[in-house]
């Protein structure tokens, strides 16, 4: 079966398309100086771009995992999420507090979408 790798970087690929699914690598904000809401909005912009490149969109998201450096940022993160979310096609979602790889990152998101 064919694998298509989108947005390759030094250590990872931004998304992999395989067998009718798009697997999103952990997405973090390009601008780590933003607050949690701003970082989430930036991440969701990246998700939109990756999904479009794969030939799908947010309405086809199956599941999303959101990692917060501080669970106290959940309200701010949710403001960006709620503004972006396709209310008719909500994915399964988990949100947890986690130690992220860079101290300035407040949010990281990964997920799976259908084509």
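A search for C-beta distances below 6 Å between a residue of region 83-102 that is within 19 Å of residue 72 (Cβ to Cβ) and any residue that is in a helix (DSSP H, G or I), counting only pairs 6+ apart in sequence or on different chains, returns 97/71. Here residue 46 fulfils each of the conditions (1) free of Cβ contacts under 8 Å to residues at least 40 places away in the same chain; (2) surrounded by 17 or more Cβ atoms within 10 Å (Cβ to Cβ); (3) over 13 Å from residue 108 (Cβ atoms) apart from (3).
Name the strands (runs of 3 or more DSSP E) wholly within region 2-115 that hold at least 3 residues that are more than 11 Å from the chain's Cα centre (by Cα)? Spell out how you get there, then give the answer.
Working: elements: 3-8, 13-18, 21-27, 61-68, 92-97, 107-114.
Correct list: 3-8, 13-18, 92-97.
Residue 51 - would you say it is in contact with a strand residue (DSSP E or B) (Cβ under 8 Å, 6 or more places away or on another chain) and either closer than 18 Å to residue 99 by Cα or loosely packed, with under 15 Cβ neighbours inside 10 Å (or both)?
Numbers: in contact with a strand residue (DSSP E or B) (Cβ under 8 Å, 6 or more places away or on another chain): yes; either closer than 18 Å to residue 99 by Cα or loosely packed, with under 15 Cβ neighbours inside 10 Å (or both): no.
It is false that residue 51 is in contact with a strand residue (DSSP E or B) (Cβ under 8 Å, 6 or more places away or on another chain) and either closer than 18 Å to residue 99 by Cα or loosely packed, with under 15 Cβ neighbours inside 10 Å (or both).
Is it fair to say residue 76 is out of contact with any strand residue (DSSP E or B) (no Cβ under 6 Å at 6 or more places or on another chain) and surrounded by 15 or more Cβ atoms within 10 Å (Cβ to Cβ)? Give the steps one after another, and end with the answer.
On the way: out of contact with any strand residue (DSSP E or B) (no Cβ under 6 Å at 6 or more places or on another chain): yes; surrounded by 15 or more Cβ atoms within 10 Å (Cβ to Cβ): yes.
When the stated conditions are applied, residue 76 passes them.
Values in this text are rule-based calculations from the coordinates and carry no lab data. Quick caveat, the model's predicted, so the values are computed rather than measured. Here the Cβ is made from the backbone with ideal geometry for all residues, glycine too, and neighbour counts use every protein chain on show.
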